[in-house]
Amino acid sequence: MAESTDMASLEESFRKFAIYGDTKATGQEMNGKNWAKLCKDCKVTDGKGVTSTDVDIVFSKVKGKTARVINYEEFKKALEELAPKRFKDKSKEEAYESICQLVAGKEPTNVGVTKAKAVGAVERLTDTSKYTGSHKERFDESGKGKGKSGRENIVDNSGYVSAYKHAGTYDAKVKK
């Protein structure tokens, strides 16, 4: 039906959305959540002609009766179902072509992901240049942690008390 749209990029978009958020996904099948994300990210849903409810209904219609996922062929059928609703002024073929162009080449976005931000007390408490005492020893000059060597007390097994000024002189005295 849609010859001019690059079908390879449409299939590539299908695979990228199919594996989004699922470490075990192979990219061969897409679940309903990822189908809804695809429709939202690619602007297939416009809030008027195509709503999230329409997207869910079409997904239920094209998948198998007991299936929970759709394959690439069912995905194309779902786009065919949504095309006339999204592009009311175009013929069925032109509408399908247009909806394929919306989806082709797109990939999932991470919109609304919260980033950690150190402000106020957190910034002050995590500034390693202000650390004192034994905590200061845990970091090098650049503020990078030394790891286990910075946390561990290294035992001196020389037999002398720490800071003894004649440490290491016993052997010299005994040999005389």
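The values are calculated or read from the model by the stated rules, or taken from the named source; none is laboratory data. What you are looking at is a predicted structure, and each value in this text was computed from that prediction instead of being measured. So basically every Cβ, Gly included, is an ideal-geometry build from the backbone, and we count neighbours across all protein chains shown. With ligands, DNA and RNA removed, areas are computed over all heavy atoms of the protein, side chains included. Shrake-Rupley method; radii C 1.70, N 1.55, O 1.52, S 1.80 Å.
Residues in the chain average 72 Å² of solvent-accessible surface per residue, probe 1.4 Å, ligands and nucleic acids excluded.
Normalising the average separation of contacting C-alpha pairs (under 8 angstrom, six or more residues apart) by the number of residues puts the relative contact order of the chain at 21 percent. Relative to the longest principal axis of the Cα atoms of the chain, helix 92-103 runs at roughly 10 degrees. If you wrap the tightest convex hull around every Cα atom of the chain and split its volume per residue, you get 253 Å³. Axis of helix 72-86 versus longest Cα principal axis of the chain: the two differ by about 60°, to the nearest ten degrees. Percent of accessible area on the stretch 1-89 owned by carbon and sulfur, 1.4 Å probe? Here it works out to 50 percent.
When peptides 86-92, 9-15, 123-129 are sorted by average Cβ neighbour count within 10 Å, with the highest value leading, the order is 9-15, 86-92, 123-129. Taking Cα atoms only, the orientation of helix 32-41 departs from the longest principal axis of the chain by about 90 degrees. In plain terms, the bigger the Kirkwood radius, the slower the diffusion; for the stretch 1-60, with that radius from Cα pairs, at 20 °C and 1.002 mPa s, Stokes-Einstein puts D at 173 µm²/s. The protection proxy used here, the mean number of other Cβ atoms lying within 10 Å of each residue, ranks peptides 42-53, 161-172 as follows, highest first: 42-53, 161-172.
Positive-end ranking of M30, G49, F75 along the dipole of the stretch 1-82, with charges on Cβ about the Cα centre, is headed by M30. For the chain, the mean residue ellipticity at 222 nm estimated from helices alone is -12000 deg cm²/dmol, where every DSSP H run of n ≥ 4 contributes -39500 (n - 2.57) and the total is divided by all residues, rounded to the nearest 500.
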